[in-house]
There are 2 protein chains.
Amino acid sequence: MTDKNSEKEERHKKKMQKQKQSIDATIASAVKEQGVVILLTGDGKGKTSSAFGMVLRALGYGYRVGVVQFIKGEQLSGEELFLKNELPEVDFYQMGTGFTWDTQDRSGDIAAAEKTWAVVEPMLKDERYHLVVLDEITYMLSFKYLDEDRIINAIKARPTNQSVVLTGRGGGSAIRDIADTVSEVKDIKHAYHSGIKARKGVDF
Amino acid sequence: MTDKNSEKEERHKKKMQKQKQSIDATIASAVKEQGVVILLTGDGKGKTSSAFGMVLRALGYGYRVGVVQFIKGEQLSGEELFLKNELPEVDFYQMGTGFTWDTQDRSGDIAAAEKTWAVVEPMLKDERYHLVVLDEITYMLSFKYLDEDRIINAIKARPTNQSVVLTGRGGGSAIRDIADTVSEVKDIKHAYHSGIKARKGVDF
């Protein structure tokens, strides 16, 4: 090894030691053991798929999971097919009315939202659920299909060990406030705009 | 129904019709049928879990999937346990050296990166793979562990029907340029900073 190379190795080692110290310090300062509320928002691709990735994560440890999807088209997408066919241990419910711009029926949508919320409420009271995913719930708030206070209070009153993942664009500040973690998925570039069709097994 | 209510219904319907027209137009203008390159980057939570959600999506249709993880700790996280134990049909490989700030060993990391890339290359030439996930590959570029041109060219030369998901912070402009879709996951808020410990079945 040349001197230049061994210098590079040494610099790398020092830099990594410093980074490790900083990471270790952050880990050491986080001591509270409790479930979290995670909000995945923004206009970019990856919110629902991220929620499903966390479902896999919880299942890897044998934890009980509930997945409730608000909105969604009438056709099952790949991850929904997989849940239905391969993961019967997951409690899975879909509002199933399709997108609100397809139904164009406000009172019908509200009735369906209420029916779906009636599935969510018992999950948020049941400590056997380690993880509850409420996919696209933000639209229920922005369209005022469901009462914000009722949702916020139910999430806040959930068992200490339960985590909740909320997805969808927007959703308002109250939901951001109760979230422990908020990730905004920003659309920097989308294949759509280059004329590429949504891809089966990737986009749906 | 009161007049005010029916007005509201009507306004909602018109708004949704307009939104549907705009969405339908975008869908109609996207006609190219081909695999895509998706880059999930940024400092927020949800990049790897999103990639795993897309794995589920592809599996829902019975497509063949390859998952290769660069970096990663020596302990398997929930989604990795699930892949190993429940989804033997997925071709799964981990570099397995742990984080570069843990190893603090530049030449060892480079050797491991090269060994891992040797697993990726045949996947990127094999049209039987519908989806290939290269988790945390961006660090291999930012640390200059792997040659950028070699990676870019291999991804560009892949079979037309194959999609590739790349995850990790940063990664440079060349990788952004070849990506059809780029989502930046921004860390708006993280439970860590409120002293809440990383959660098993949610964070790992």
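Annotations
- Among the numbered conditions (1) more than 22 Å from A:S49 (Cα to Cα); (2) more than 14 Å from every other protein chain (Cβ to nearest Cβ), the only one that B:I137 does not meet is (1).
- Cβ-Cβ distances below 6 Å connect the following pairs, each with a first residue in the range B:68-97 that is over 15 Å from B:A111 (Cα atoms), a second residue that is open to solvent by 50 Å² or more (accessible area, probe 1.4 Å), and a separation of six or more residues or different chains: B:V68/B:Y93; B:S77/B:F204; B:G78/A:Y61.
- Summed over the range B:137-150, residues that are open to solvent by less than 20 Å² (accessible area, probe 1.4 Å) and touching a residue at least 60 places away in the same chain (Cβ under 8 Å) total 3.
- Only one of A:N85, A:N161 that is polar (S, T, N, Q) and in a helix (DSSP H, G or I): A:N85
- Any hit, the range B:69-90, residues being assigned by TED's automatic domain parsing to the domain that holds B:E184 and in contact with a His (Cβ under 7 Å, 6 or more places away or on another chain): no
- Leading residue by the ranking (farthest from A:G66 (Cα to Cα)) among those in the range A:76-113 that are at pLDDT 90 or above and among the aromatic types (F, W, Y): A:F82
- Options A:S6, A:S49; residue that is within 24 Å of B:G201 (Cβ to Cβ), among the polar types (S, T, N, Q) and part of a helix (DSSP H, G or I): A:S49
- Scan the range B:14-32 for residues that are assigned to a helix (DSSP H, G or I) and open to solvent by less than 80 Å² (accessible area, probe 1.4 Å) and the total you get is 11.
- For the range A:1-44, filtered to residues that are under 30 Å from A:V164 (Cβ atoms) and of a type in the set (D, E), the residue that is modelled with the lowest pLDDT is A:D24.
- In the range B:39-72, the residues that are hydroxyl-bearing (S, T, Y) and farther than 25 Å from B:S173 by Cα: B:Y61, B:Y63
- The lone criterion from (1) among the small types (G, A, S); (2) under 27 Å from B:Q34 (Cβ atoms); (3) without any contact (Cβ under 8 Å) to a residue 60 or more places away in the chain; (4) open to solvent by less than 40 Å² (accessible area, probe 1.4 Å) left unmet by B:S50 is number (3).
- Within the range B:82-105, the residues that satisfy the criterion of being open to solvent by 30 Å² or more (accessible area, probe 1.4 Å) and either charged (D, E, K, R) or within 18 Å of the chain's Cα centre (by Cα) (or both) are B:K84, B:E86, B:E89, B:D91, B:F92, B:Y93, B:Q94, B:D102, B:D105.
The values are calculated or read from the model by the stated rules, or taken from the named source; none is laboratory data. Everything quoted here is computed from the prediction, not taken from an experiment. Note: ideal-geometry Cβ built from the backbone for every residue, glycine included; neighbour counts use all protein chains shown. Heads up: the accessible areas ignore ligands, DNA and RNA and are worked out on the full protein's heavy atoms, side chains in. Shrake-Rupley method; radii C 1.70, N 1.55, O 1.52, S 1.80 Å.
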